[in-house]
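Structure record follows, encoded as structure tokens.
The values are calculated or read from the model by the stated rules, or taken from the named source; none is laboratory data. Keep in mind it's a predicted model, so treat the numbers as computed, not measured. Positions of Cβ are generated from backbone atoms using ideal geometry, with glycine treated the same way; all protein chains shown enter the neighbour counts. When the accessible area is computed, the model is the full protein with side chains, heavy atoms only, and any ligands, DNA or RNA have been set aside. Shrake-Rupley method; radii C 1.70, N 1.55, O 1.52, S 1.80 Å.
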Amino acid sequence: MPEQQNNNPRRQRRQQPVDNTYGHLQPQALEVERAVLGALMIDKDAYAVVCEILRPESFYEPRNQMVYTAIRDLSMAEKPVDVLTVTEQLAKLGTLDEVGGPGYIAELSSRVASSANIEYHANIIAQKSLARQLISFASVIETKAFDETIDVEDLMQEAEGSLFELSQRNMKKDYTAIDPVISQALKVIQAAAANTDGLTGVSTGYYKLDDITSGWQASDLVIIAGRPAMGKTSFALSMAKNIAADLRIPMAFFSLEMSNVQLVNRLISNCCEIQGSKILNGQLQRDEWERLDKRINNLLGAPLFIDDTPGLSVFELRTKARRLVREHGVKLIMIDYLQLMNANGMRFSSRQEEVSTISRSLKGLAKELDIPILALSQLNRGVESREGLEGKRPQLSDLRESGAIEQDADMVIFVHRPEYYHIYQDDNGRDLHGMAQIIIAKHRKGATGDVLLTFRGEYTRFENPEDKNLGGNRAPVGGGEILGSKVNGGNPIPPPFEDGPLPF
């Protein structure tokens, strides 16, 4: 009797074979690994080609890792690399039997005839290795995400830190021939020559400071440091007002200490010359209301982007900064202040090591985005324990928590007010009442020196000394009159509001 055909669709689906074409086999290229190892043993110059691409852990098969380690050790000791020397080195390391004995080494060298494609093959191994690292990273994060005892915010920080470490380990930058770099340098020189004011970077709004720095330069990390009450935040905000409000240059301000409303209140006090206490309590005189009504126009529409995320991590900053540059054309970033940042998700043996990583990351971000980054920093208490005019003057060794800050920075600037220490005259006999010294202590690209600025504490404002008789309204470098005129090559400032309620 012939077997009846089963027409049950449910049973047919159950009996369908399982598709095993895609499984959980980790990314690997074993044949390519063996080809690279064989090529390394027949060409004495091959290791120099792959040494920056491959590490022992780049290989998937453990015995291939051991063979590559032996080849690396021989190459670094400037010894010949061939079947015999690699076999001998493995014997010294005690791993010859683990890799399969001399027979496996001979087999590797017999697989290839030349090392012509070794760089291409090495990149395949590196890509497979990176894919395995990403899988491992994702697996760990996935497992922890299912654990309800772990805080999701902490996990996000850890994930971001681990991914950052992974990208840093695998980041490679090739060398560049000199000719294109010379062409680029000549373009910068020609652009500078066409600038009558001598500025090649973003103007600070302070003429003598610009004379020394030529403006804040692209890819530079600038540290602005000072003891508490010296006015470093006021100095940063004064520059932010000069750059964003007066010159209309897009910039971002990351405030880890103050909220965005507190920050804007200080900007209003700075721009409108109204005491901060009156901004808080609203007890303005009639002339102050009129001044607020008139000068607030200079802040309205300014391309200033404020982020007041507390405890900002370097990884969050990196993500936000990239978006600000891409979407808003930001030309400069300020951070207030460096010691309040963190590198969550990464493990450190000390806070000093963490601060070193933060400063290194800021320098790397400035280079990547090709814009200046200005980071405020605290000084330690060493200044307070020293006596006299020179004793109270900040030094590079006073930078708090890390010598790496000084090392990573292209420029270190101190904000110093001798008047705070009851010092009213400098060595040259200049009156220091109401004055602040902007001390350029380190300048990788130029001169160091001091610049005197007028400090008006009631308005959290720094001014050019020449401006004190002009009500603070002297035109910025490269621009025209600030109020009721034009700045930055003709971009109009809106006229003052008509009578009526203020728009805030």
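Once R0 is set to 56 Å, what does the formula 1/(1 + (r/R0)^6) return for the Cβ-Cβ distance between Gln285 and Ser397, expressed as a FRET efficiency to the nearest 0.05? Efficiency, rounded to the nearest 0.05: 0.75.
Across the stretch 206-265, the volume of the C-alpha convex hull divided among the residues equals 118 Å³ per residue.
Length gained on full extension, Lys294 to Glu387: 28.9 nm, using 0.36 nm per residue less the C-alpha separation.
Could you tally the net charge around Gly94, taking each other residue with its Cβ under 15 Å from the Cβ of Gly94, Lys/Arg +1 and Asp/Glu -1?
Taking every other residue near Gly94 into account, the sum is -2.
In angstrom, the C-alpha Rg and Dmax of the stretch 103-160 are 19.8, 57.
Rounded to two decimals, the Cα radius of gyration of the stretch 196-344 over 2.2 N^0.38 Å is 1.09. In terms of overall dimensions, the C-alpha atoms belonging to the stretch 16-96 reach 59, 27, 18 Å along their principal axes, ordered largest to smallest. Extending 7 Å from the Cα toward the beta-carbon at both Lys367 and Asp467 defines two label points whose distance is 3.5 nm.
Take the Cα of Leu163, step 7 Å toward its Cβ, do the same at Ala447, and the gap between the two points is 4.7 nm. Per residue, the convex hull spanned by the Cα atoms of the stretch 285-346 amounts to 113 cubic angstrom. Computed from the C-beta positions of Leu130 and Lys187 and an R0 of 41 Å, the FRET efficiency is 0.70 to the nearest 0.05.
Normalising the average separation of contacting C-alpha pairs (under 8 angstrom, six or more residues apart) by the number of residues puts the relative contact order of the stretch 207-325 at 32 percent. Kirkwood analysis of the Cα pair distances in the stretch 20-62 returns a hydrodynamic radius of 11.9 Å. Ordering 266-274, 30-38 by mean Cβ neighbour count within 10 Å, with the highest value first, yields 266-274, 30-38. Going down the table (Lys331/Lys363; Lys92/Lys128; Lys187/Lys363; Lys392/Lys445; Lys331/Lys442; Lys187/Lys320), which pairs top 19 Å between alpha carbons? Table pairs above 19 Å Cα-Cα are Lys92/Lys128; Lys187/Lys363; Lys392/Lys445; Lys331/Lys442; Lys187/Lys320. Accessible area ranking (1.4 Å probe, heavy atoms, ligands and nucleic acids excluded), largest first, for Leu332, Leu340: Leu340, Leu332. The gain in end-to-end length when the Ile150 to Glu327 segment is fully stretched comes to 60.3 nm, 0.36 nm per residue minus the alpha carbon separation.
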